[in-house]
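A.B. asks: Below is a structure I'd like to ask you about.
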Amino acid sequence: MSDPTEHKTASSGSVLVKTMGFSLFLIIVFTLFTNLLPQVEGEAPVDKEVDIGALTMESFVELGEELFHGKGTCSLCHNDLGRAPDILVLDMTATSKKHLADERYEGTATDDGSYLLESLVNPGIYVVAGFGKKGSNDTESQMPAVDKAPIELTALEMDAVIAFMQAKDGNDVTVSLPSEAPAASTTAEASPKAAQSAEEVIAKLGCAACHSLEGSDVLLGPSLQGIGSRLSVEEIRQSIIDPEAVIPDGFEGGMMPATFAEQVTAKEMEMMVQFLAKQK
């Protein structure tokens with residue numbers, strides 16, 4: 001007759017082995033899955049040296065265009081998807097003058113150059129009709145100030161972006177070439193800083209411009225409030241990497257860029273996914 005104590009010990013050992021085997025299986029599956037994600041290295045941003053003495057207006061405008069699509073994250077919303085005025089097709093000099101003449105304008109700018117700078121650092125001073133936060137009657141802007149975290153463009157960089165917006169339509173560039181590097185930063189970064197939190201990633205990608213979250217009521221896209229109760233972690237990740245894979249009821253496809261996964265590091269992606277999964 002077998003010893004019940006020995007049988008119980010053997011049974012416990014079998015359960016332990018099965019548990020360890022299952023855990024190992026999950027680790028392998030998770031590792032394989034994460035390797036399928038876009039593998040962008042989470043390296044510190046590479047500084048691009050700006051040789052002030054060698055700058056020409058042409059190269060300054062090129063720097064502005066690079067910042068518009070890169071560190072400034074302007075093109076995330078200012079495109080043809082309808083989130084914000086499509087700056088790339090608008091004549092921004094003429095548009096600026098039109099806004100200055102609008103009776104709703106309450107800023108202090110006197111020309112297109114100063115208006116564009118004002119719109120970068122204080123976007124709420126004038127909100128283009130139809131592009132304000134939902135429910136604000138266009139009195140509140142969805143756009144973050146670009147000289148504040150997480151974007152943090154320097155004065156030199158903002159001037160370069162303004163130069164780009166003026167020059168792209170053949171207008172006169174009214175900003176001057178920098179004569180010396182700014183004290184706080186002698187370089188212009190070629191890419192945005194790596195975010196340190198999920199909130200920074202969400203701000204970096206401009207998610208709040210289309211999705212409501214934490215009390216906001218923007219509803220161009222599905223609300224992110226309670227998303228963790230509606231979607232699994234895998235579904236949240238898929239909705240970011242391949243937003244056209246599943247279109248939620250009541251919303252149209254083609255609204256969300258399919259390039260977000262290319263604009264964040266793997267670490268940033270996971271921070272954002274796990275943060276959203278906890279929104280219940």
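A.B. asks: Which members of the range 128-143 meet the condition of being more than 15 Å from S212 (Cα to Cα) and either surrounded by fewer than 16 Cβ atoms within 10 Å (Cβ to Cβ) or not β-branched (V, I, T) (or both)?
C.D. replies: We begin by selecting, within the range 128-143, every residue more than 15 Å from S212 (Cα to Cα); these are 128-130, 137-139.
Scanning the range 128-143 gives A129, G130, N137, D138, T139.
A.B. asks: Among the candidates L88, L63, L32, which residue alone is at pLDDT 80 or above and open to solvent by 30 Å² or more (accessible area, probe 1.4 Å)? Write out each step before concluding.
C.D. replies: Values: L63 fails: open to solvent by 30 Å² or more (accessible area, probe 1.4 Å); L32 fails: at pLDDT 80 or above.
Matching residue, one of L88, L63, L32: L88.
A.B. asks: Failed condition for V146, given (1) more than 18 Å from the chain's Cα centre (by Cα); (2) open to solvent by less than 70 Å² (accessible area, probe 1.4 Å), with all others met?
C.D. replies: (1)
A.B. asks: I've got another one for you. Can you tell me how many residues within the range 174-230 are open to solvent by less than 40 Å² (accessible area, probe 1.4 Å), part of a helix (DSSP H, G or I) and modelled with pLDDT of 75 or more?
C.D. replies: 8
A.B. asks: Going through the range 106-118 one residue at a time, which ones are open to solvent by less than 30 Å² (accessible area, probe 1.4 Å) and free of Cβ contacts under 8 Å to residues at least 40 places away in the same chain? Lay out the reasoning, then the answer.
C.D. replies: Initial filter on the range 106-118 (open to solvent by less than 30 Å² (accessible area, probe 1.4 Å)): 107, 109, 112-113, 115-116, 118.
Across the range 106-118, the qualifying residues are G107, A109, Y115, E118.
A.B. asks: Can you tell which of D169, D147 is assigned to a loop (DSSP other than H, G, I, E, B) and in contact (Cβ under 8 Å) with a residue 60 or more places away in the chain? Don't jump to the end; show me each part of the working.
C.D. replies: On the way: D147 fails: in contact (Cβ under 8 Å) with a residue 60 or more places away in the chain.
When all the criteria are applied, what remains is D169.
The values are calculated or read from the model by the stated rules, or taken from the named source; none is laboratory data. It should be emphasised that the depicted structure is a prediction, and the values quoted were computed from it without experimental measurement. Virtual Cβ from ideal backbone geometry, glycine too; neighbours counted across all protein chains shown. Just so you know, the surface numbers come from the protein's heavy atoms only, side chains and all, with ligands and any DNA or RNA stripped out. Shrake-Rupley method; radii C 1.70, N 1.55, O 1.52, S 1.80 Å.
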